[in-house]
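Notes for the one structure printed next.
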Amino acid sequence: MRKVIFMISLLVAGVTSGAQEADTLATGQKKSERNMLLNAESASTPREINIGLPESGGGAKVYVDGMAHGISLPRSQYHWAGGHMFVPKGSISLMDAVITAGEISVLLDSRTRVGGDEFSGAFTIGSSTNGLIRFDGAVSGPVKNAPGWYFSIGAYVNNDPTNVNAPNRPFVDKKQMYNVALSRRWGRSTLDAAYRFSVCNDNIDGGYSFAPFVYNGDGTISPFGNFRLGRDCYFTADDAVRYMEVRDGSIKHASLGNMDHRYLHDFSVMFNHRHDSGWNLDAKLHVLYMQPSQSAKIGLAGIDNVTDAKGFTSADGSAYSGYLQNRLVTVDNQEELDVDLRFTADRRFNPQHKLRLGAELLFSSQMHSASTFYYAHTVEANPSRLYKNGQPTWGMNMSGLFYDSYRFSVPLYALHDYTPAERLLFRTGVRLCPLYENMLHAPRFGDEEINRRVEGFNLADRNLSELRRMELPALDFAVSEHISLRLVDRLFFIAEGFCSMTSMNGAYYKSERIPTGEAMGNAFGRGGLMYDNKWMNVTALASYIASWNNARVMTVTKQIGGVSETIPWTAQYGIGTLGFTLDGNVHFGGFNMHLLGTWQDPRYKDYTNEFVFSDGSKEVIDYTGKHVTGISQWMLEIDPSYTWKNFRVWASARYYSRQYVSRTNLAYFAGHWETFAGVDWNIIEPLKLSVNFVNVLFQNGAKGSIDVADTITDASLLNDYVMAGSYIRPFTIDFMLTYKF
């Protein structure tokens, strides 16, 4: 399972919509930003704030100008990294996100930087103790000799070797983004046009961010040999590979350190008009094209202790015995075209009623093929390649994936604010989304042999595969309700909830086994009290959230003849949890202290699987009632800061309790801290120096979930078990120098 942070606490912090009005304080509507971008695993990917239902991972979902980067394949990190070409707008609350965007998560919204009446600019250069090289700059202003016209241009370049300094890849996290915007303003109307081009060559969630260790069986880990967790590189310098293209069966040769290239073109036209009648009218056209792009996901596929008889050899041809790391490489080839036309209108009719209406016309065309293979290396720092039966790679396309689809949808929504009294607010939301998806894919039904993922599987071989077309008409919907009541003075009672049904898109049908096709359901409710005054605010809420018919392509590993085999499996399941959150903020003078504590108990529901491996063996495991992996029951956060003259000092410490490693819950990681700190110094009015520290307490350990443990049902086998996984970022110092004018 991908790492997921089940942060109901952040949903509490973002209780209301990102767009607030002065009169809403009477009914207790507020929002709060709580270090949402601080990520303990990556310096350039936003902190994960998704609620985990359904699992999404990949960092926080970031919208630009109120619109998604892409419908399916492009992730936020491919096409956004904050910076001066964007203006942050804060969070879009869960209730508003469900209705306006159909997203089951808190969203971070940002606006494309556009020109103003004054010429202005901002530039940042940065580095780190890892060797980071970053440039971030933007300038904007009026167009000379063209009244009413404005421009903006920006660029972001990031080259980060990360903490491992891989020998085959100078920069593991590498991105370039360029943006240009032109605006026209007259009377009550504005027109903005923006184009953004991105080249994303990162592999931050691939093969470079893992390390081996010994699981002691009691939640703690020990070093494996002399391997330094978070410092030594767990990737081979020899990264030449041979694989079979799943679409046509051709043999390809490549280098793993040079296979991540995603190219995205983003064009937006935004029009706004404030009519004399009081209606605020908004129209947006967004076109995103991810041209044919490739990336390599280099996952873990189990560590084995092999003998000479297993057929593994070193580069010199000598027989190998000892520990080896299996890797499952997925070479993703992707292309996507999205066209989104959105109309919104909002108006306050009187102090009691405000209405917001929205409609979209959305077309998306997606192609995703995944060629897969295995390779292996020794378990040590700067490991050596190993060969199996004389071959550098094997198991071609035994986990191959493919789908090619197009989708039409017409989301319609309405939000109504009703304030029958000064102390009381009702916000009601309704969303309907008729859609149609037409897809070409290669599923396998029942026990038929066609489309079985065997060695050498490819779509061009009609003896092995048969492409099938599937049509998916559906009607998604969501309803939500928010109630806020001022009890006395600054004490408020709030209650809110939603229910939604969301159909599965093509990404869920790309593997050998497909889900049932039933829509995914989510229901959420919470209520509690909020209080604030001039120097403090506090929120206490109880929540319950449930999800059913979730589907995802997971990987499971089992030893077949003493050697690990990893297969993809499309699983369906539910999740449910009760949660309690206490969130407070105290501020006086230049001092500010934020404290947060949350408890939740997410567990799987209806999660029985029958895994079938290449030798025909079957493994039936029921995860029902088990704790969701990678999620802590307790999370505490302490965020103090102090501003004095030209200096600001801040810190952030987050404690995560036990995280279960496997879906069987037999393996778990003990609690850990993630700590940050920083100093901002305004040297002179336009010049600021920022020094940020990651992992201030020098925590050293593993985190998240380990898929290879999911088929282990005997706890004794986990004592002194050698495995590999992700880890807490080691101590790092970042330096940023910013100049604004």
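Observations, loosely collected:
- Binned Cα-Cα distance frequencies in the range 489-635 - 5 Å width, integer %: 2, 8, 13, 14, 14, 12, 10, 8, 7, 5, 4, 2, 1, 0, 0
- Of interest is the spacing of the C-alpha centroids, which for the range 170-213 and the range 628-679 amounts to 27 Å.
- Three-way shape label, the range 172-249, alpha-carbon gyration tensor, a/c 1.5: prolate
- Packing, taken as the mean count of other beta carbons within 10 Å per residue, orders the peptides 649-658, 439-448 from highest to lowest as 649-658, 439-448.
- Among ILE728, PRO686, THR713 the positive-end extreme of the charge dipole of the range 677-741 (Cβ point charges): PRO686
- Net length available on complete extension from GLN291 to THR428 is 45.3 nm, with 0.36 nm assigned per residue and the Cα-Cα distance removed.
- Ranked by the mean number of other Cβ atoms within 10 Å of their residues, highest first, the peptides 231-240, 530-539 come out as 231-240, 530-539.
- If you model the range 461-562 as an ellipsoid using its alpha carbon gyration tensor, with each semi-axis the square root of five times an eigenvalue, the axes come out at 46, 19, 10 Å, biggest first.
- Remark: the PHE588-HIS261 segment gains 112.9 nm on full extension, using 0.36 nm per residue and subtracting the alpha carbon distance.
- Estimated distance in nm for a label pair at LEU357 and LYS740, the labels positioned 7 Å out from Cα along Cα-to-Cβ: 3.9
- Estimated at 0.36 nm per residue, the fully extended path between LYS645 and LYS618 surpasses their Cα-Cα distance by 3.0 nm.
- For HIS587, solvent-accessible area (1.4 Å; no DNA, RNA or ligand), Å²: 60
- Highest mean packing first, where packing is the average number of other Cβ atoms within 10 Å per residue, the peptides 541-552, 335-346, 460-471 line up as 541-552, 335-346, 460-471.
- Cα gyration tensor, the range 80-212 - rounded (a/c under 1.5), prolate or oblate: oblate
- Euclidean distance of C-alpha centroids, the range 234-264 and the range 282-337, integer Å: 8
- Labels on offer are [x] 1.05; [y] 0.99; [z] 0.96, and the one holding Rg/Rh (Cα atoms, Kirkwood Rh) computed from this structure is [z].
- Couplings for the range 492-497, taken from phi via the Karplus curve 6.51 cos²θ - 1.76 cosθ + 1.60 with θ = phi - 60°, read 10, 9, 10, 8, 7, x Hz in order; Gly and Pro are left as x.
- Relative contact order (%) - criterion: Cα under 8 Å, at least six apart; region: the chain: 12
- For the range 374-509: rounded, prolate or oblate by the Cα gyration tensor [a/c cutoff 1.5]: oblate
- Legend: calculated FRET efficiency, PHE343 to VAL199, from the Cβ-Cβ distance at R0 = 30 Å, rounded to 0.05, equals 0.40.
The values are calculated or read from the model by the stated rules, or taken from the named source; none is laboratory data. Small disclaimer: the values here were computed from a predicted structure and weren't measured. Heads up, the Cβs are rebuilt from the backbone with ideal geometry, glycines too, and the neighbour counts pull from every protein chain shown. Remember, those area values only see protein heavy atoms, side chains included, never the ligands or the DNA or RNA. Shrake-Rupley method; radii C 1.70, N 1.55, O 1.52, S 1.80 Å.
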